[in-house]
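Worksheet: the structure to be examined is printed underneath.
The values are calculated or read from the model by the stated rules, or taken from the named source; none is laboratory data. Small disclaimer: the values here were computed from a predicted structure and weren't measured. For neighbour counting, all protein chains shown are included, and Cβ atoms are generated from backbone atoms with ideal geometry for every residue, glycine included. Surface areas here come from the heavy atoms of the whole protein model, side chains and all, with no ligands, DNA or RNA. Shrake-Rupley method; radii C 1.70, N 1.55, O 1.52, S 1.80 Å.
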Amino acid sequence: MVVISDRQEYGRGRRDRTWITAAGAVAVSVACEPRWPVDRWGLLSLLAGLQAARTLGGEVSLKWPNDLLVGDEKVGGVLVEAAGGVAVAGCGINLWWPDSPRGMTGLDDHPPSASRRDEIANAWAEGFLEAALDPGGGGFSLDDYRSRCVTLGQWVTWGTQSAGRAVGISSGGELVVETAAGRRRLRSEEVSHIRGAPGED
C-alpha cells in the first residue's frame, strides 16, 4: 500500500518532536511485509533515507538516522515503524518553502507541480519497496549510506552527560561513537543531539 499527500496537518517525528510542514511539500507512506531477515529490519530506516537521497539527487545528504539535508538545512525526513510483520515507512520532503524557519529549507525555488510531487513520491516508494521486498537487499548498501552520512565525524551526546565523536555505522544500523572509554554503539532513541565538536563553529 502506498499513500501520497501534498498536505499533512499532523505527524509524529522522532522522540515526538514538534511537527511542521512546508508550504509546498510531499508526504508518502508505504506499508509492506519486508522479506529481509528480521534481524536486519533495523536497517529499513537507513534504506528509506538512502532511497530518498538517491531520488532527490546528489546535493542531498543524510543526517543519521532520519534527516535529509541540503548543506546544513533540513529538507525532509523519514520514519519507519514495524509491528506484526508489517513495516510502514514514511517520507516527507519540503519541496518549496519561501519563509522557512531557521535550519530548514525547500528543495525548489518555485511551487511544485502535482506531477513533480507524484514523480518524487512514486520513485521513492518504488525504490524502497524494490529493496525491502528483495531478500537480498535489492541493492541497499551500507557503504553508500555511510558515504552520504554527514553525521560521521560529528560530536554526539546521549543520556545526561555522555558524549563522543561519531566514527561509523554498524552492520545493524547503530551509530558507532568514539569516547574516552572506547567505542560504543547507539540506537536512534538514545541520541539527543548531533553537532560539531566542542570549539568548532
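From the list Ile93, Ile20, the lone residue that is in contact (Cβ under 8 Å) with a residue 24 or more places away in the chain and more than 23 Å from Leu129 (Cβ to Cβ) is Ile20. In the range 133-147, the qualifying residues are those that are within 15 Å of the chain's Cα centre (by Cα) and buried (at least 17 other Cβ atoms within 10 Å of the Cβ), and the one that is farthest from Val167 (Cα to Cα) is Phe140.
For the range 100-132, how many residues are within 18 Å of Val3 (Cβ to Cβ), at pLDDT 95 or above and open to solvent by less than 60 Å² (accessible area, probe 1.4 Å)? Residues in the range 100-132 being within 18 Å of Val3 (Cβ to Cβ), at pLDDT 95 or above and open to solvent by less than 60 Å² (accessible area, probe 1.4 Å): 9 in total. Evaluation of Ile4 against the conditions (1) touching an Asp or Glu at 6+ places or on another chain (Cβ under 9 Å); (2) under 29 Å from Gly168 (Cα atoms) shows that the sole unmet condition is (2). Here is a list: Gly58, Gly85, Gly42. Which entry is at positive phi and open to solvent by 20 Å² or more (accessible area, probe 1.4 Å)? Gly85 is the lone residue from the list that is at positive phi and open to solvent by 20 Å² or more (accessible area, probe 1.4 Å). Among the residues of this structure, Gly92 does not count as one that is surrounded by fewer than 18 Cβ atoms within 10 Å (Cβ to Cβ) and of a type outside the set (Val, Ile, Thr). Total residues in the range 164-201 satisfying the condition of being assigned to a strand (DSSP E or B), modelled with pLDDT of 90 or more and within 26 Å of Gly71 (Cβ to Cβ): the figure is 11. The residues of the range 44-99 that are within 12 Å of Val150 (Cα to Cα), at pLDDT 95 or above and in contact with a helix residue (DSSP H, G or I) (Cβ under 6 Å, 6 or more places away or on another chain), listed by number, are Val60, Ser61, Leu62, Leu68.
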